[in-house]
Amino acid sequence: MSVETMKAVQVYEDGGPEVLIYEDVPRPVAGPGEVLVRVYAAGVNPADWRARAGFPDVPEQFRHAIPPIARPHIPGFDLSGIVETVGPDVTTFDTGDAVFGMIRFPAGGKAYAEYATAPVTDLALKPTSIDHIQAAAVPMAALTAWQFLYQDLEPGQTILINGAAGGVGHFAVQLAKIKGAYVIAAASGRHEAFLHELGIDEYIDYTTTPVEQALRNVDLIYDTVGGMNADSLLSVLKHGGRLIAINIGNYSAERATRLGITIGTGRPSLHPDAAQLAKIGRLIDAARLHVAIDTVVPLSQVRQAHIRGESGHLRGKIVLRVVE
Ligand SMILES: NC(=O)c1ccc[n+]([C@@H]2O[C@H](COP(=O)([O-])OP(=O)(O)OC[C@H]3O[C@@H](n4cnc5c(N)ncnc54)[C@H](OP(=O)(O)O)[C@@H]3O)[C@@H](O)[C@H]2O)c1
């Protein structure tokens, strides 16, 4: 019996963008509870280039939390496409449905391909008002903003979103505004007009004004940046405030306790959630949530996508175009 093949990107070893290999691989088959998706576009996330490199930026004490990465492996968690076939017992979707989702996060993925199998529990119907490129940009970044911010935010709270123009940040800004928060955005200068279009109340250009000097008495910080200077953000919070960290940072637990500040998401780690994704899709179709695209790259040129991602300063998302 001949095996059908497809184009996909594989990684055989940890390394730079050069280890992303565009080649022929066997086309997968949907199992029970899965559909086979003809991928039209695949979203690119920092998790993809960090996994490709073997997570060299993760300190020793956090390495136990890294999911095992198979080699060779097809990267990518976010996709948008059309259901090609449905697996045994699947009734949720039909052949021909347009779907989007974050598939098998954190230990699976395989979206950088012409076809991908996906558990139906990881998918929702694609919003009809946007194309596949935009839809593929949504799942991981929007779910990160939904699960760690939107669900627990109270109307009227003052929130600082650090890294506000990036993939996660630009969804966090809009979801916080939908919740009725007062939103202060920190980003580099070139994103100011973009962030005002998204509805922010205040803007700080962190390249000219240290955030910790400009702000006090904030209820909540949503920090997508982390890093070696992250601890300085604590002085921005009021007593009783919370810092939601979605990246690794050098926050001092001892200092936080002294200041009466909670650090953490207060939630389980990021996970696929079809119901949340469907709600996000409805906000998009209602034109209340907008998707910003930084760069679109053909799947065959995937290395360019990772080079762009790792160069930083993104405004919105990078997406791989799989179907021209
Ligand atoms: N915990 C989780 O489950 C989870 C889920 C998703 C993502 N993440 C992590 O969250 C991080 C952000 O993800 P993302 O997709 O939003 O990344 P991204 O699209 O690359 O965005 C990062 C943004 O931060 C800005 N930035 C860089 N340095 C900054 C600084 N010092 N102060 C303020 N802004 C700064 C960048 O642009 P400018 O410098 O031009 O402003 C960029 O817009 C990644 O490290 C990712 O791995 C974690």
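The values are calculated or read from the model by the stated rules, or taken from the named source; none is laboratory data. Everything numeric in this text was worked out from a predicted model, so none of it was measured. As a convention, Cβ positions derive from the backbone with ideal geometry for all residues, glycine included, and neighbour counts pool all protein chains shown. Accessible surface areas use protein heavy atoms only, side chains included; no ligands, DNA or RNA. Shrake-Rupley method; radii C 1.70, N 1.55, O 1.52, S 1.80 Å.
So what is the accessible area of the stretch 143-263 per residue, in Å², with the probe set to 1.4 Å?
Details: 4910 Å² over 121 residues.
So the stretch 143-263 comes to 41 Å² accessible per residue, rounded to a whole number.
From Cα pairs below 8 angstrom and at least 6 apart in sequence, can you work out the relative contact order of the chain, rounded to a whole percent?
On the way: 768 pairs, mean separation 63.8, N = 324.
Relative contact order comes out at 20 percent.
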Problem - Residue order for Ser232, Ser269, Ser129 - accessible surface, 1.4 angstrom probe, largest first - result: Ser269, Ser129, Ser232
Practice task
For the stretch 143-263, restrict the atom set to alpha-carbon positions and state the Rg and Dmax in Å.
Solution key: 12.9, 38
Completion exercise
Computed on Cα atoms only, the convex hull of the chain has an orientation-averaged projected area in nm² of 16.5
Fill in the blank from the handout: Between Gln213 and Ser232, the two model label points (7 Å from Cα along the beta-carbon direction) sit apart by a distance in nm of 0.9
Practice task
Check cross-link reach from Lys179 to the lysines: straight Cα distance under 29 Å, and skip same-chain residues fewer than eight apart.
Solution key: Lys126, Lys238, Lys279, Lys317
Handout entry: Dipole magnitude of the stretch 143-263, debye to nearest 20 (Cβ charges: Lys/Arg +1, Asp/Glu -1, about Cα centre)
Key = 180
Practice task
In nm, give the distance between the simple-model label positions of Ile248 and Met6, each being 7 Å from the Cα along the Cα-to-Cβ direction.
Solution key: 3.2
Handout entry: Calculated FRET efficiency for the pair Arg288/Ser188, C-beta based, R₀ 25 Å, to 0.05
Key = 0.45
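Could you check how much of the accessible area of the chain is carbon and sulfur, as a whole percent, using a 1.4 Å probe?
C and S fraction of accessible area: 51 percent.
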Handout entry: Residue-span extension gain [Thr121 to Arg258] - 0.36 nm each, minus C-alpha spacing
Key = 45.1 nm
Exercise for the section: May I ask you to list the residues of the stretch 64-101 whose amide nitrogen lies under 13 Å from a point 7 Å from Cα along the Cα→beta-carbon direction of Ala107? Expected result: 65-70
